[in-house]
1. Can you name the residue in region 22-39 that is in contact (Cβ under 8 Å) with a residue 12 or more places away in the chain and surrounded by 13 or more Cβ atoms within 10 Å (Cβ to Cβ) and, of all such residues, is farthest from residue 4 (Cα to Cα)?
2. What are the residues in region 290-308 that are surrounded by 21 or more Cβ atoms within 10 Å (Cβ to Cβ) and part of a helix (DSSP H, G or I), if any?
3. Could you please let me know if residue 244 is modelled with pLDDT under 95 and surrounded by 17 or more Cβ atoms within 10 Å (Cβ to Cβ)?
4. Any idea which of 191, 218, 205 is farther than 17 Å from residue 150 by Cα and more than 22 Å from the chain's Cα centre (by Cα)?
5. How many residues are in a helix (DSSP H, G or I) and either exposed (fewer than 10 other Cβ atoms within 10 Å of the Cβ) or at pLDDT below 80 (or both) if we restrict to region 42-51?
6. For region 320-331, state whether one or more residues are closer than 23 Å to residue 136 by Cβ, outside any loop (DSSP other than H, G, I, E, B), modelled with pLDDT under 90 and over 20 Å from the mean Cα position of the chain (by Cα).
7. Scanning for something more than 15 Å from residue 191 (Cα to Cα), surrounded by 16 or more Cβ atoms within 10 Å (Cβ to Cβ), at pLDDT below 90 and touching a helix residue (DSSP H, G or I) at 6+ places or on another chain (Cβ under 8 Å), does region 211-230 turn up at least one residue?
8. State all residues of region 18-41 that are over 25 Å from residue 103 (Cβ atoms) and part of a helix (DSSP H, G or I); if no residue qualifies, say none.
């Protein structure tokens with residue numbers, strides 16, 4: 001059911017009718033018919049210039065909102081727009097952003113529920129590790145809890161690309177990722193090798209790799225690789241998606257935000273994935289990361305220098321997060 005017109009819309013219609021050359025209706029009758037007061041109509045006429053000025057400002061501000069919304073080709077909600085503007089040195093009230101989005105019919109896609117939370121069912125095996133993490137994802141600081149999982153991405157009418165990633169639970173950075181055309185365990189091992197190559201010096205000496213109980217993570221090769229690299233292993237309880245919820249959330253957001261409509265080949269999808277990972281780590285600002293991107297948040301925690309100082313109140317670094325510490329925790 002369509003809602004009733006607002007008083008401003010009614011005033012505009014009355015004005016248009018009064019200005020018609022063949023109009024024989026008086027203002028009082030039209031106001032009574034529309035259910036508005038005549039004094040209200042005259043007040044609306046007197047404030048016309050002010051409305052034009054406000055409308056001009058709204059159009060100008062909405063242009064900034066739209067630019068932030070479209071930044072790097074990924075749609076954003078109110079908070080994402082607010083943080084993008086903030087990083088451009090523009091402070092705009094989130095309520096104003098919502099008002100402008102509603103006024104000019106700009107909508108952000110809502111995440112859909114993921115019907116398949118797991119890439120593969122867990123296998124019954126004696127190699128299941130204890131759940132050391134126990135959902136304490138951010139209590140232990142940077143480079144301590146490393147979350148890994150596999151998902152699949154469907155493109156070109158049913159073709160699949162499998163994706164293995166490793167995420168820092170504290171900074172939310174994607175530290176390593178490997179797409180694959182098959183589910184063979186090699187690409188999962190390659191993800192760990194990539195992690196060590198890129199971030200080995202940053203890892204805490206007691207770092208934990210947390211996963212589900214999938215066959216890739218209970219395999220001899222995977223467990224041996226973690227042991228060789230000095231990483232402890234932790235696993236979610238069987239069938240409990242909440243034990244690795246941050247990874248599930250990341251995949252859900254990624255699938256909602258990437259555009260695969262033009263992807264015809266595995267290489268096409270890889271290019272989209274590479275661009276998204278770069279965007280996510282560098283430019284996808286997150287509200288609970290002090291309005292910073294994952295990479296910026298890591299730098300802030302390690303150096304104590306907040307990049308948005310002066311634009312918003314500076315947050316207090318998390319206790320035990322590593323802020324102001326030696327940037328190479330393994331040296332301790």
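The values are calculated or read from the model by the stated rules, or taken from the named source; none is laboratory data. Note that the structure is predicted; figures quoted are calculated from it, not measured. For neighbour counting, all protein chains shown are included, and Cβ atoms are generated from backbone atoms with ideal geometry for every residue, glycine included.
1. Checked region 22-39; the qualifying residue farthest from residue 4 (Cα to Cα) is 27.
2. 294, 296, 297, 298, 300, 301, 302
3. yes
4. 205
5. 5
6. yes
7. yes
8. Residues satisfying the conditions are 18, 27, 28, 29, 30, 31, 32, 33, 38, 39.
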